[in-house]
Amino acid sequence: MADVTMATVRPRRHSRPVMVGNVQIGGGAPISVQSMTTSKTHDVETCLAEIAGLVEAGADIVRVAVPRPEDANALGDIVQGATVPIVADIHFNHRYALQAIEAGVAKVRLNPGNIGKEEWEREVLIAAKEAGTPIRIGVNSGSLEKDILDKYGYPQPEALFESAMRHVDICTKNGFEDLIISVKHSDVFFMIQAYRLLAERTDYPLHLGVTESGSLKNGTIKSSIGLGALLADGIGDTIRVSLATHSVHEVEVGHQILKSLRLGRPGVNIIACPTCGRLAGDMFPIVEEVEAAVAKRKFTKDLSVAIMGCAVNGPGEAAGADLGVSLGRGRAHLFKRGEILRTVDEGEIVEAILETIEGWED
Ligand code: SF4
């Protein structure tokens, strides 16, 4: 990777480690990327196929919804058939949480605002402790407890924080500390504030997310701002980008957010100029093709690749990248750290970039 200062992202907040199956969350572990299936959990075949697609896209952990008895009954098969840790998402019915623990899920997500009685929560904690299953206290702005909502009048950051801490207290009172916390809000600004309160006052690992963030475009923007602001400050141990689209996009966007902050896995980072009136080629499809091919081939070399639209400013602008490409009248120059490597026809650019990455030697 080009020599750039690493001081732009703050050191990560200290958090205690929690194991979710074989994936460590917190305690300095790499930030994991999660997603949630959209298929019916009881349709085991479809659900496992979706999970496999998410894993292929780079998901470290996958959550499944458990709204009905048949979903709870399917958890054993889902856990057995998946290659990543499975998290059971429980609302309203603590019995499903007990069943999920029994089925061997790697984590249970509880929405404390709608589980009901404290004794039910205690039952789940006892079973989770016995099985060594961690719990995520997943507070959501849309489903806070009534008394907290009455107190604050609106799901403001302090209200989310209070709800989370109320349930942390119930857990710790019962000797259960294997916790991960999330305080998701649909308002990005409030979400950031709520997580900052948690980050300042606890050392539990934090699962970051903007809830109900919207479509691929709008949700990506909101999640990038919300998650990005926190991650840039060193806050966050695992992330889920919530998008109203195919779940694979959540994983892709999640990795891109991490990569943008140099918190992701080693890999190729594509940079492309915005183009202007000097553009000397059909650049947009080239960028899209290179991005798609790089994602598919999963290169593990930590390289920056800059694709520039002209030979006027392109070489200069690409000089900071490992591999630079500048278009010019049907041809393109390839540069290695500012030094020209070779010239290819425009139709061969994509293959030339991929070949060069493949054979890259420092
Ligand atoms: S590299 Fe060339 S085409 Fe791209 S923005 Fe700069 S001047 Fe415009």
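The values are calculated or read from the model by the stated rules, or taken from the named source; none is laboratory data. These figures come from a predicted structure and were not determined experimentally. We place every Cβ from the backbone using ideal geometry, glycine too, and count neighbours over all the protein chains shown. Calculation scope for accessible area: heavy atoms of the full protein, side chains included, ligands and nucleic acids excluded. Shrake-Rupley method; radii C 1.70, N 1.55, O 1.52, S 1.80 Å.
Observations on the structure shown:
- FRET efficiency estimate (nearest 0.05) - Cβ-Cβ, D43 to L216, R0 22 angstrom: 0.35
- For the stretch 208-245 and the stretch 129-183, distance of Cα centres in Å: 20 Å
- Within a Gaussian network of the chain (alpha carbon springs, distance under 10 Å), most fluctuating of V350, V23, V268: V350
- Antiparallel DSSP beta bridges within the chain, percent to nearest 5: 30 percent
- The stretch 18-260: C-alpha gyration tensor shape, a/c 1.5 cut-off, then a/b vs b/c: rounded
- Surface exposure of the chain, expressed per residue as accessible area with a 1.4 Å probe, stands at 45 Å².
- Given charges at beta-carbon only (K, R positive; D, E negative), |dipole| of the stretch 206-362 in Debye: 260 debye
- Here the 3J(HN,Hα) profile of the stretch 207-223, calculated from phi with Karplus coefficients 6.51, -1.76 and 1.60 at θ = phi - 60°, is 9, 8, x, 9, 8, 6, 7, x, 5, 3, 6, 5, x, 5, 5, 4, 5 Hz, Gly and Pro shown as x.
- At R0 = 41 Å, FRET efficiency that the Cβ-Cβ distance of I126 and K259 yields, to 0.05: 0.50
- By the rule of a C-alpha distance below 20 Å, with chain neighbours fewer than 8 residues away ignored, the lysines paired with K259 are K217, K222, K296, K298, K301.
- Hz values of 3J(HN,Hα) by residue in the stretch 256-263 - Karplus curve (6.51, -1.76, 1.60), Gly and Pro given as x: 5, 4, 5, 4, 4, 9, 6, 10
- Note, ³J(HN,Hα) from phi for the stretch 37-54, Karplus 6.51, -1.76, 1.60, rounded to Hz, x at Gly and Pro: 6, 9, 7, 6, 4, 6, 8, 4, 4, 5, 5, 5, 5, 5, 4, 4, x, 5
- Annotation: amide H of I271 within the under-5 Å range of V305, A306, I307, sequence separation 5 or more or interchain, hydrogens built in the peptide plane.
- Distance from the Cα centroid of the stretch 330-362 to that of the stretch 60-80 is 47 Å (rounded to whole angstrom).
- The figure for R68 is an accessible area of roughly 80 square angstrom, using a 1.4 Å probe on the protein chains alone.
- Where labels lie 7 Å past Cα in the beta-carbon direction, separation of R337 and D77 in nm: 5.5 nm
- Relative contact order of the chain, defined on C-alpha pairs under 8 angstrom at six or more residues apart (%): 14 percent
- Size of charge dipole - the stretch 18-260 - debye, nearest 20, with Cβ of Lys, Arg +1 and Asp, Glu -1, no other charges: 340 debye
- In the stretch 182-253 the Cα-Cα distances spread across 10 Å bins starting at 0 as 23, 55, 20, 2 percent of all pairs.
- Listed by chain and number, the lysines whose alpha-carbon sits under 27 Å from that of K173, ignoring those within fewer than 8 places in the same chain, are K107, K117, K129, K146, K151, K184.
- Only DSSP H runs of four or more residues enter the estimate; each adds -39500 (n - 2.57), and after division by the residues of the chain the mean residue ellipticity at 222 nm equals -13000 deg cm²/dmol.
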